[in-house]
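Read through the structure below, which is laid out as structure tokens, and then see the notes.
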Amino acid sequence: MNPLKQQIETLKKEKNAIILAHYYTLPEVQEVADFVGDSLGLARKAAETDADIILFAGVHFMAETAKILNPSKKVLVPDMSAGCSLADSCKAEKLAEYKSKHPGYKVLSYVNCSAAVKALSDLIVTSGNALKLVNQLPKDEKIIFVPDGNLGDYINRMTGREMLLWDGACCVHDHYEVEQLEKMKAEHPEALVVAHPECRREMLEKVDFIGSTAAMLNHIGESDAKEFIVVTESGILYEMQRRNPGKTLYTLYPGQPEHDCVNMKKNNLEKIYHTLQNEEPELLMDEELREKALVPIQRMLEMS
Ligand code: 13P
Ligand code: SF4
């Protein structure tokens with residue numbers, strides 16, 4: 001075993017720590033994780049752990065969610081600069097201003113947002129539970145959906161709602177080009193296409209299955225098809241291939257790491273080792289903000 005991996009395992013035991021990692025992180029990071037999942041799975045895991053320390057290998061808003069759910073635990077983040085372009089596209093001050101101009105509206109926020117935005121929200125959703133939760137809301141509920149315009153547009157189309165959409169987007173999924181998908185389809189005519197709902201509508205109209213990272217993984221496992229083009233961050237291919245050794249999987253941009261999420265890729269073994277050893281950087285949060293942000297997250301966990 002790689003010595004760094006061994007040292008990380010030793011530190012985890014010594015400190016009663018667990019590592020939670022998102023599917024988009026590097027393979028070696030997923031290998032040292034105690035749990036690898038999508039945003040919903042990671043939030044659930046963070047809510048139920050009895051570890052003293054949670055090291056979160058993902059992006060900042062995900063670690064914040066873990067802290068909101070576990071105030072007494074130490075939440076460590078290997079790289080504090082690992083943000084999310086989507087979360088950054090909705091600032092709390094702007095949302096507060098928008099809310100004040102739309103009295104009577106409920107704020108539904110995609111989990112990819114800051115704790116301050118969560119604190120202004122009535123309900124949080126993830127890509128894994130958005131349709132299910134929106135369908136539980138009264139049909140005539142007036143809703144503002146933030147921050148992902150593409151996911152919001154997808155939810156509107158699937159549920160027949162007319163939620164007001166924030167003009168935010170993920171700098172990874174929003175940049176995927178339909179021409180590249182057509183090229184890949186021409187090269188692999190037998191392949192089915194799965195995509196994340198953060199992609200643009202014109203892309204989603206061309207795919208066979210739309211779902212969260214966990215939903216895409218399950219779909220590929222259950223499908224009889226043998227070949228897939230995967231329209232999301234390439235890190236997920238590691239777990240997909242591990243679970244489906246007999247299937248052939250292609251990313252949308254094979255061999256082009258510039259299309260990956262740079263923030264997810266900031267997590268590496270060296271940083272994880274030093275973070276666990278020094279127990280810093282630690283994610284700290286103002287208690288009043290945490291309590292406010294907890295309410296819509298708890299509502300999500302109860303409803304999903
Ligand atoms: P999931 O909730 O599907 O894991 O997606 C998180 C994300 O950041 C997608 O870009
Ligand atoms: Fe954020 Fe996009 Fe990276 Fe997901 S892929 S963490 S939405 S920037």
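Quick notes on this one:
- Applying the criterion of being of a type in the set (Ser, Thr, Tyr) and under 16 Å from the mean Cα position of the chain (by Cα) to the residues of segment 59-87, the residue that is nearest to ligand 2 (Cβ to nearest atom) is Ser85.
- Residues in segment 96-115 that are among the aliphatic types (A, V, I, L, M) and closer than 23 Å to Ser304 by Cβ: Val107, Leu108, Val111, Ala115.
- Residue check for Gly235: without any contact (Cβ under 8 Å) to a residue 24 or more places away in the chain and open to solvent by less than 60 Å² (accessible area, probe 1.4 Å): no
- Residue in segment 204-225 that is among the charged types (D, E, K, R) and open to solvent by less than 20 Å² (accessible area, probe 1.4 Å) present: no
- Qualifying residue in segment 88-108 (condition: within 16 Å of ligand 1 (Cβ to nearest atom) and surrounded by fewer than 20 Cβ atoms within 10 Å (Cβ to Cβ)): yes
- The lone criterion from (1) out of contact with any Gly (no Cβ under 7 Å at 6 or more places or on another chain); (2) not in a helix (DSSP H, G or I); (3) not β-branched (Val, Ile, Thr) left unmet by Gln7 is number (2).
- Tally, over segment 219-236, of residues that are away from ligand 1 (no atom under 12 Å from the Cβ) and more than 20 Å from Glu182 (Cα to Cα): 6
- Criterion violated by Leu69 - all others in (1) closer than 20 Å to Gln298 by Cα; (2) surrounded by fewer than 17 Cβ atoms within 10 Å (Cβ to Cβ) satisfied: (2)
- Checked against (1) of a type in the set (A, V, I, L, M); (2) surrounded by fewer than 17 Cβ atoms within 10 Å (Cβ to Cβ); (3) touching a helix residue (DSSP H, G or I) at 6+ places or on another chain (Cβ under 8 Å), Val125 meets all criteria but (2).
- Of all residues in segment 173-183, one or more are under 19 Å from Tyr250 (Cβ atoms), touching a Cys at 6+ places or on another chain (Cβ under 9 Å) and within 16 Å of ligand 1 (Cβ to nearest atom).
- Residue among Ala51, Ala63 that is open to solvent by less than 10 Å² (accessible area, probe 1.4 Å) and in contact with a Lys or Arg (Cβ under 8 Å, 6 or more places away or on another chain): Ala51
- Against the numbered list (1) under 25 Å from Ser85 (Cα atoms); (2) open to solvent by 70 Å² or more (accessible area, probe 1.4 Å); (3) away from ligand 2 (no atom under 16 Å from the Cβ); (4) not charged (D, E, K, R), Asn278 comes up short only at (1).
- The residues of segment 131-150 that are without any contact (Cβ under 8 Å) to a residue 40 or more places away in the chain and within 17 Å of the chain's Cα centre (by Cα), listed by number, are Leu131, Phe145, Gly149.
The values are calculated or read from the model by the stated rules, or taken from the named source; none is laboratory data. Note that the structure is predicted; figures quoted are calculated from it, not measured. FYI the Cβ positions are ideal-geometry reconstructions off the backbone, even for glycines, and counts take in every protein chain you see. Just so you know, the surface numbers come from the protein's heavy atoms only, side chains and all, with ligands and any DNA or RNA stripped out. Shrake-Rupley method; radii C 1.70, N 1.55, O 1.52, S 1.80 Å.
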